[in-house]
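These notes are about the structure you will find just below.
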Amino acid sequence: MKLLACPKCHQQLHLENKTLKCENNHCYDISKRGYINLLLNPDKATNNPGDSKESLVARKAYLNKGYYDPILNQVITCIDEFKHQDDLSILDLGCGEGYYTQGLKKHFENSDIYGLDISKIAIDMATRYRKDVTWLVGNSKNIPILDHSLDFICALFTVVNQDELKRALKEDGYIIHVTANNQHLIEIKELIYDEIKVKSDKYIRLDFNQVKSYDFKEKVHISNREDALNLLMMTPHYYHIKKEKRGVLDTLQGLDITIDIKVTVYALS
């Protein structure tokens, strides 16, 4: 918790009993679950921002089966390649229910790991993984972390604010950015869309010094209906299924899917 900053004034937060307080007397309680809510009302677009509970439950059930371990392993490999020491400070931005975050802590046991998501429901679920991760409810546009204090910021399939990344990262720190390529989950798209639109990747490129970038592609076999439905429900595609396509779900027993991602490592200089 030593790197936490007040989201109102950006001064360092100090622990007093079970409350975090800054020098301007802004106070934030630690919940019974152990997470800290540092999301300000102006940073919320709705009363319950973030993914739906239904989507989060499906995501946790699916990820816990290990289907996306290859993605986690790519992130770990990149951190191992570029780290300067073993005791790191790592932020998982938009961490959701915490699967990747807990995987990072498991591998980098001597490091301070932070998981940040705008969804209170997601962070509440994340606390069930591990208590030795600092779980935060907050906004990626106002990251409650001290200036230039993080060795790594991991952003997997999430929207980022480049100014905040630059502010929170150490001068010799790195961003691990994971984005979906056009063939990612192509089998799901073919099931539910009449026409698949190819998107440009220009909008996801970050304006930092790119030190490594590569594509990773792997086939994964989903052997049962429950896991296949959980995969579908954890993606935005589930909410775009047309009524006439709903019958596909009734016959879905298993699925071979494609993981197709781009992993990019950025440095500030």
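Details
- Test: residue in region 79-95 that is at positive phi, touching a residue at least 12 places away in the same chain (Cβ under 8 Å), assigned to a loop (DSSP other than H, G, I, E, B) and under 16 Å from the mean Cα position of the chain (by Cα): yes
- Residue in region 244-251 that is under 22 Å from THR179 (Cβ atoms) and surrounded by 10 or more Cβ atoms within 10 Å (Cβ to Cβ) present: no
- Matching residues in region 210-247 - criterion: being in contact with a Leu (Cβ under 7 Å, 6 or more places away or on another chain), touching a residue at least 40 places away in the same chain (Cβ under 8 Å) and either hydrophobic (A, V, I, L, M, F, W, C) or over 23 Å from ASP51 (Cα atoms) (or both): ILE222, LEU229
- Selection within region 160-173 - closer than 23 Å to ILE76 by Cβ and either under 16 Å from the mean Cα position of the chain (by Cα) or of a type in the set (Gly, Ala, Ser) (or both): VAL160, LEU165, ALA168, GLY173
- Enumeration of residues in region 1-10 that are in a loop (DSSP other than H, G, I, E, B), at pLDDT 95 or above and not charged (D, E, K, R): LEU3, CYS6, PRO7, CYS9, HIS10
- Any hit, region 11-30, residues being in a loop (DSSP other than H, G, I, E, B), of a type outside the set (Val, Ile, Thr), surrounded by fewer than 20 Cβ atoms within 10 Å (Cβ to Cβ) and touching a residue at least 24 places away in the same chain (Cβ under 8 Å): no
- Hey, LEU40 surrounded by fewer than 22 Cβ atoms within 10 Å (Cβ to Cβ), closer than 25 Å to PHE152 by Cα, touching a Pro at 6+ places or on another chain (Cβ under 6 Å) and in contact (Cβ under 8 Å) with a residue 40 or more places away in the chain or not: yes
- Qualifying residue in region 108-127 (condition: without any contact (Cβ under 8 Å) to a residue 60 or more places away in the chain and assigned to a helix (DSSP H, G or I)): no
The values are calculated or read from the model by the stated rules, or taken from the named source; none is laboratory data. Please read these numbers as outputs of a predicted model, since none were measured by experiment. Note that each Cβ is placed from the backbone with ideal geometry, even for glycine, and that neighbours are counted across all protein chains shown.
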